[in-house]
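First up is the structure itself, then whatever we jot down about it.
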Amino acid sequence: LKIAVPKEITHDENRVALVPRDAERLTRSGMEVFVESGAGLGADYTDGDYEKAGATVVPNASDLYGVADVILKVQKPTETEASGHESEMMRQGAVLIALLDPLRNPSLVSRLADCKLTSFSMDMVPRITRSQEMDALSSQSTVAGYKAVLMAANRLGRMMPMMVTAAGSIIPAKVLVLGAGVAGLQAIATARRLGAVVKGFDVRAAAKEQVESLGAEFIDEHLQEDAEAEGGYARELSGDQQERNRQVIHRHVQESDIVITTALIPGRPAPLLVTKEMVGDMKQGAVLVDLAAETGGNCELTEPGEIVQTDKGVSLIGLTNLPATVPVHASEMYSRNISKLLGLMVQDNQWSPDYEDEILDATCITREGEIVHSRIKEQFR
Ligand code: NAD
């Protein structure tokens, strides 16, 4: 089986889908691994590292796609001026595994079907115990939550920990994390490690214990009912409930030096947690990082991809794709996730997926040109 790892062409994407450590595992199990020259450089892996792992380095994408049975990517296929759309460079019948975000990209799904590709989306891995090692949303959210705090701390004109010095005592920074899922919990842990006083907020009651176990305070005055839905995700709240929650959050936002927002609802726009008025009430010099920027933002004033500063000197960071800014470990984790998913479909170096398997049923989007995912098929009806 020929496995191909292209160089990512999306702007500022420094991750690579397969790191040399996992390339070696695949070659040892009998697969042939082909890597486009320079594919790992953004994450500090040289062509030589891949060659040492038993992979073959090929000079360009068209040579790579020409031989590939299975393509491992981070980002969804995109267009280049020079060579057209990546999915059109892939051979008919080839298999593509990547973060396709298919619920928000129906035109890409149609294109994959038109190109007669079989595709699996890493962001559709179900949250069950058996698939934890394949869960790229979790691994990449861990990186994002960590980096969000570092970016905020870097921008803040204050230090994070308490200090008692001859030049006076420094009080610790106050950090508020809205949404205590994977990214939020990692943000809380990172802010705690830096010595901040941290509060967490979520609509799922189960988050309380997790937030408190990290040494943070859980805001629970709003929790009249638990908003946990299928798969441990949150359900969308009614307009009234959202308004009540915003009233609870408002006071805490006002007191904080750093606010990190991470709230998401699968397949829906991100809930609005911090209004324009609340930003107006934030402390001079405070920093808000909106990890939901790409799906509409949790803050009304977030501009995706931008850092905005208000008249009061409040910084609103809407930068997207934070995992790509920590490419070494983000790639290492993603590579482990993708090779575990691949492992489920290959036996004795033969492509032999069991499409009835719960994990494959949830992740397979197109199969030899047919759109097969039930939820995505519905969008085309
Ligand atoms: P997510 O990225 O979908 O959302 C982030 C957080 O935002 C969630 O905690 C959610 O409850 C919260 N949220 C949504 N709407 C909100 C609102 N209006 N106000 C405040 N918070 C809001 O979630 P996630 O990080 O992917 O994790 C969701 C759940 O799945 C967690 O319980 C997590 O522990 C669980 N999980 C389970 C597995 C597994 O069993 N294999 C793997 C990963 C995550």
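The values are calculated or read from the model by the stated rules, or taken from the named source; none is laboratory data. In this text, all values refer to a predicted model and were calculated from it rather than measured experimentally. With ideal geometry, Cβ positions are generated from the backbone for all residues, glycine too; neighbour counts draw on all protein chains shown.
A few comments on the model shown:
- Test: residue in the range 120-142 that is of a type in the set (Lys, Arg), within 13 Å of the ligand (Cβ to nearest atom) and surrounded by fewer than 23 Cβ atoms within 10 Å (Cβ to Cβ): yes
- Extreme residue, surrounded by the fewest Cβ atoms within 10 Å (Cβ to Cβ), among residues of the range 172-187 that are near the ligand (Cβ under 10 Å from one of its atoms) and assigned to a helix (DSSP H, G or I): VAL182
- Yes/no for ASP114 being surrounded by 14 or more Cβ atoms within 10 Å (Cβ to Cβ), acidic (Asp, Glu), away from the ligand (no atom under 16 Å from the Cβ) and modelled with pLDDT of 95 or more: no
- Among residues that are surrounded by fewer than 15 Cβ atoms within 10 Å (Cβ to Cβ) and either more than 13 Å from the ligand (Cβ to nearest atom) or under 23 Å from VAL143 (Cβ atoms) (or both), GLU306 is included.
- Pair list, Cβ under 7 Å, 6 or more apart: the range 147-176 residue more than 16 Å from ALA216 (Cβ to Cβ) and of a type outside the set (Val, Ile, Thr), other residue modelled with pLDDT of 95 or more and in a helix (DSSP H, G or I): LYS147/LEU322; LYS147/THR325
- Neighbours by Cβ (under 8 Å, 6+ apart or cross-chain): first from the range 75-87, of a type in the set (Gly, Ala, Ser); second outside any loop (DSSP other than H, G, I, E, B): SER83/ALA61; SER83/SER62; SER83/MET89; SER87/LEU96; SER87/LEU108; SER87/ARG111; SER87/LEU112
- Pairs where the first residue, in the range 49-72, is farther than 11 Å from VAL33 by Cβ and of a type in the set (Lys, Arg) and the second is modelled with pLDDT of 95 or more and surrounded by 19 or more Cβ atoms within 10 Å (Cβ to Cβ), C-beta under 9 Å, 6+ apart: LYS52/PRO20
- Whichever residue in the range 125-146 is assigned to a loop (DSSP other than H, G, I, E, B) and of a type in the set (A, V, I, L, M, F, W, C) and, among such residues, is farthest from the chain's Cα centre (by Cα): ILE128
- Answer from ALA216, ALA205 - the residue that is modelled with pLDDT of 95 or more and within 16 Å of the ligand (Cβ to nearest atom): ALA216
- Filtering the range 251-288 to residues that are more than 13 Å from the ligand (Cβ to nearest atom) and under 21 Å from ALA216 (Cβ atoms) leaves ARG251, GLN254, GLU255, SER256, ASP257, ILE258, MET278, MET282, LYS283, ALA286, VAL287, LEU288.
- The single residue among VAL74, VAL109, VAL149, VAL164 that is part of a strand (DSSP E or B) and within 30 Å of GLY318 (Cα to Cα) turns out to be VAL74.
- Top-ranked residue in the range 223-244 [being touching a strand residue (DSSP E or B) at 6+ places or on another chain (Cβ under 8 Å) and under 15 Å from LYS208 (Cβ atoms); ranked as modelled with the lowest pLDDT]: ALA227
- Of all residues in the range 71-90 being surrounded by fewer than 20 Cβ atoms within 10 Å (Cβ to Cβ) and among the β-branched types (Val, Ile, Thr), the one that is farthest from the chain's Cα centre (by Cα): THR80
- Residue match in the range 206-220 (condition: closer than 22 Å to LYS276 by Cα and out of contact with any strand residue (DSSP E or B) (no Cβ under 6 Å at 6 or more places or on another chain)): no
- One residue stands out among those in the range 188-222 that are assigned to a loop (DSSP other than H, G, I, E, B) and charged (D, E, K, R): the one that is surrounded by the most Cβ atoms within 10 Å (Cβ to Cβ), which is ASP202.
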